[in-house]
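Just below is one structure, and these are the notes that go with it.
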Amino acid sequence: MTDKHALLGTITIGQAPRADITPILLAALPAGVRTLHVGVLDGLSPDDIAARYAPRPGQALLVSRLLDGHSVILDKAAVQGALAGKVAELEASGCTVILVLCTGEFHGLGAQRAWLVEPDRIVPPAAAALAGDRQVGIIVPLAEQATSEAGKFSMLSRAPLCEAASPYDDGLQAVETAARTLRERGAQMLLMDCMGFVEDHRAAARRASGLPTVLSNALIAKLVAELVR
């Protein structure tokens with residue numbers, strides 16, 4: 001039975017609602033669950049985004065999607081500074097569960113009352129549990145993230161292999177190439193480490209590699225559904 005009092009809030013680091021992720025989430029949720037979607041970049045012009053979130057040389061990066069479908073590369077530290085305000089905004093709106101629509105690692109993020117779900121705390125240990133002693137290959141959207149986000153995968157029994165393919169800009173062929181390369185490098189299981197990857201990307205990776213492939217947003221959607229039943 002669906003919790004009639006549940007209100008699920010989501011935060012994208014881009015602009016909401018996310019036409020790519022929302023259908024995956026809604027497909028997993030019980031009927032009747034109310035949702036509220038916000039984005040760090042909501043209402044901002046390209047100039048505003050550049051002024052507040054422009055990448056800095058040598059600093060960690062994130063990539064997300066705007067309402068017009070274009071991708072944008074953002075300074076991770078600046079995004080993290082804005083996330084707390086978005087969590088507070090959703091709590092003030094009555095959200096009982098808040099889901100961050102990003103697999104990036106954000107230290108110190110918290111909620112006062114709501115149940116905060118951070119994919120970076122769930123996806124890596126889940127991948128480690130599924131893989132056991134097997135070699136995991138990870139597809140990241142930006143090559144730089146192979147280094148900047150490596151720490152969150154420290155619980156894997158073997159250091160992960162990484163290849164980059166953007167879910168926003170590169171197309172399915174790039175995903176296939178990344179998946180095939182990971183298999184050739186020795187990967188025995190693939191993880192698509194960005195909430196922007198969708199079922200078409202997973203199918204392409206699986207087809208190219210022949211390996212079990214975990215789609216981060218589908219995994220998270222199924223777990224969040226359990227919190228609002």
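The values are calculated or read from the model by the stated rules, or taken from the named source; none is laboratory data. If you're wondering where the values come from, they're calculated on a predicted model, not measured in any experiment. A quick note on method: Cβ atoms are made from the backbone with ideal geometry, for glycine too, and the neighbour counts reach across all protein chains shown. Accessible surface areas use protein heavy atoms only, side chains included; no ligands, DNA or RNA. Shrake-Rupley method; radii C 1.70, N 1.55, O 1.52, S 1.80 Å.
Points to keep in mind about this one:
- Using a probe of 1.4 Å, the accessible surface attributed to Thr177 totals some 70 Å² when neighbouring protein chains are kept in position.
- Charge dipole magnitude, Cβ of K and R +1, D and E -1 - segment 1-153, Cα centre, debye nearest 20: 260
- Ordering Arg180, Arg113 by accessible surface, largest first, gives Arg113, Arg180; the 1.4 Å probe counts only protein heavy atoms, with every chain in place.
- Among the trypsin sites (Lys or Arg not before Pro) in segment 1-104, those located in a DSSP loop and surrounded by at most 10 other Cβ atoms within 10 Å of their own Cβ are Lys4.
- Placing dummy labels 7 Å off each Cα toward the beta-carbon, the span from Ala164 to Glu89 is 2.9 nm.
- Protein heavy-atom accessible surface, 1.4 Å probe, per residue over segment 1-121: 47 Å².
- Projecting the Cα positions of Gly58, Ala131, His70 onto the charge dipole of segment 39-149 (unit charges on Cβ atoms of Lys, Arg, Asp and Glu, taken about the Cα centre) puts Ala131 furthest along the positive direction.
- Just the protein heavy atoms count here, and of the accessible area of segment 65-128 at 1.4 Å, carbon and sulfur take up 53 percent.
- Candidate values (i) 26; (ii) 39; (iii) 31, label of the one derived for percent of Cα pairs over 27 Å apart: (iii)
- Euclidean distance of C-alpha centroids, segment 1-70 and segment 83-127, integer Å: 12
- Val38 sits with roughly 10 Å² accessible to a 1.4 Å probe, with DNA, RNA and ligands left out of the calculation.
- Tilt relative to the chain, helix 171-185 - C-alpha long axis, 0 to 90 degrees, to 10: 50
- With distances taken between every two different alpha-carbon atoms, segment 91-205 has a Kirkwood hydrodynamic radius of 15.0 Å.
- In the complete set of protein chains, residue-level accessible area for Ile24 is approximately 40 Å², probe 1.4 angstrom.
- DSSP beta bridge pairing in segment 1-119, given as percent antiparallel to the nearest 5: 30
- In the chain, the calculated helix contribution to ellipticity at 222 nm averages -11500 deg cm²/dmol per residue, counting -39,500 (n - 2.57) for every DSSP H run with n ≥ 4.
- Three principal axis lengths of segment 54-110 [C-alpha, angstrom, descending]: 37, 29, 17
- Per residue, segment 156-229 exposes 43 Å² of solvent-accessible protein surface, assessed with a 1.4 angstrom probe and all protein chains in place.
- Contour excess over end-to-end distance, with Cα ends at Arg206 and Met155 and 0.36 nm allotted per residue: 16.0 nm
- The label-point distance for Asp133 and Ala77, in a model that sets each label 7 Å from Cα toward Cβ, rounds to 4.2 nm.
- Note on the chain: antiparallel DSSP beta bridges, both residues inside, total approximately 15 percent of the bridges counted.
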